[in-house]
1. Using the 10 angstrom Cβ neighbour count as an exposure proxy, how do LEU204, LEU36, LEU17 rank, fewest first?
2. Angle, helix 167-180 long axis vs. longest principal axis of the chain, Cα atoms, 0 to 90°, nearest 10?
3. So which GluC sites (Glu not before Pro) in segment 255-322 end up in coil per DSSP with only 12 or fewer other C-beta atoms within 10 Å?
4. Kindly express, to the nearest 10 degrees and within the range 0 to 90, the angle between helix 251-267's C-alpha long axis and the longest C-alpha principal axis of the chain.
5. Express in whole angstrom the spacing between the alpha-carbon centres of segment 196-224 and segment 106-185.
6. Please order MET47, MET2 by the number of other Cβ within 10 Å, starting at the fewest.
7. Sort MET248, MET233, MET298 so that the residue with the fewest other Cβ atoms within 10 Å of its own Cβ comes first and the one with the most comes last.
8. Among all the lysines, which ones have a C-alpha under 29 Å from LYS88's C-alpha, if same-chain residues fewer than 8 places away are not counted?
Amino acid sequence: MMQRRRLTPSGLEIAPLVLGGNVFGWTADEATSFRLLDAFVDAGLDMIDTADAYSLWVPGNQGGESEAIIGKWLAQGGKRGKVLITTKVGVDIREKSAAGAGKPCLGADYILWEAEESLRRLRTDYIDLYLAHRDDESTPLDETLEAFDRLVTQGKVRAIGASNFTADRLAKAREISRNNGLAIYETLQPLYNLYDRADFEQELQEFCVQEDIGVTPYFSLGCGFLTGKYRTMADLEGKPRGYRVKEMLNDRGLRILQTLDTTAAELGATPAQVALAWLMAQPGITAPIASATSLEQMADLVASNRLEIPAELLEKLDQASA
């Protein structure tokens, strides 16, 4: 039986991999998304991550497309009790920019309004984990936390967390919650993977371990780079995240890919499985978030849960990505 991991002190427990819903309504259409969701649950996994801003960056989209697809899937009957839904608020989807992302917005009125919109799109009466998507330093932390606390008190949200917060801002927010008896950020969703290590490991990792904060990192496969499918600039042509992966095609990135290749060959696995298993083995990590756009990719993700990397191979990966 798959070992579940405690995500929050208040009681949320999850399987060791979270399904990223950022591709739903973007690189995975509705029918494909339904197949992926079914396969995910059939594999014994249970947490689905989305956001109101997914997929705001796609031409013609307004935000909420991913939530709407998940909601339609949930409405098929009997599915809500099998999954945990985490969604996010904090990017103002009313003000789409040329880059496709709104400005940070964690004002109380916006949170309370957008929570209702997310519940409507998801076709559910509660959100298991509601995250502040991006820190909004223009809004007082206590205003944001009071709004989240109201949603928890109303039973519309079970627990709250933060995404893209620094250790200092997360610590200040948690102190305000403790001092005022408000709902507290119990989880963190940071950028963290074999390539992007510095920001999380510098301060956040130790803080999260000490404070017993559940961590579900995003971009766990580095926008696909750590699967090994992008090795030259030519591989990026026409790819939706080519701009992001382009930054990784350097000596360090290629060294990481080579070590993933040799480790995967030794373990009879794939680079993607090794990259995810490495994350699962890191201190403080509850479960990485990873996306799939095909059933083949989903099978690869699921297999990572069964992979254990020996200590000496973990060390080689650490050295290659240092």
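Read-outs: derived from the displayed coordinates by stated rules, not from any lab. Computed from a prediction, not measured in an experiment: that's the story for all the values here. Methodologically, a virtual Cβ is constructed for each residue, glycine included, from the backbone with ideal geometry; neighbour enumeration extends over all protein chains shown.
1. LEU204, LEU36, LEU17
2. 30
3. Details: sites: GLU266, GLU296, GLU308, GLU312, GLU315; in loops: GLU308.
The qualifying sites are GLU308.
4. For 251-267 against the chain, the angle is about 80 degrees.
5. Comparing the Cα centres of segment 196-224 and segment 106-185, I get a distance of 20 Å.
6. MET2, MET47
7. MET233, MET248, MET298
8. LYS72, LYS79, LYS96, LYS103, LYS156, LYS172, LYS239, LYS246
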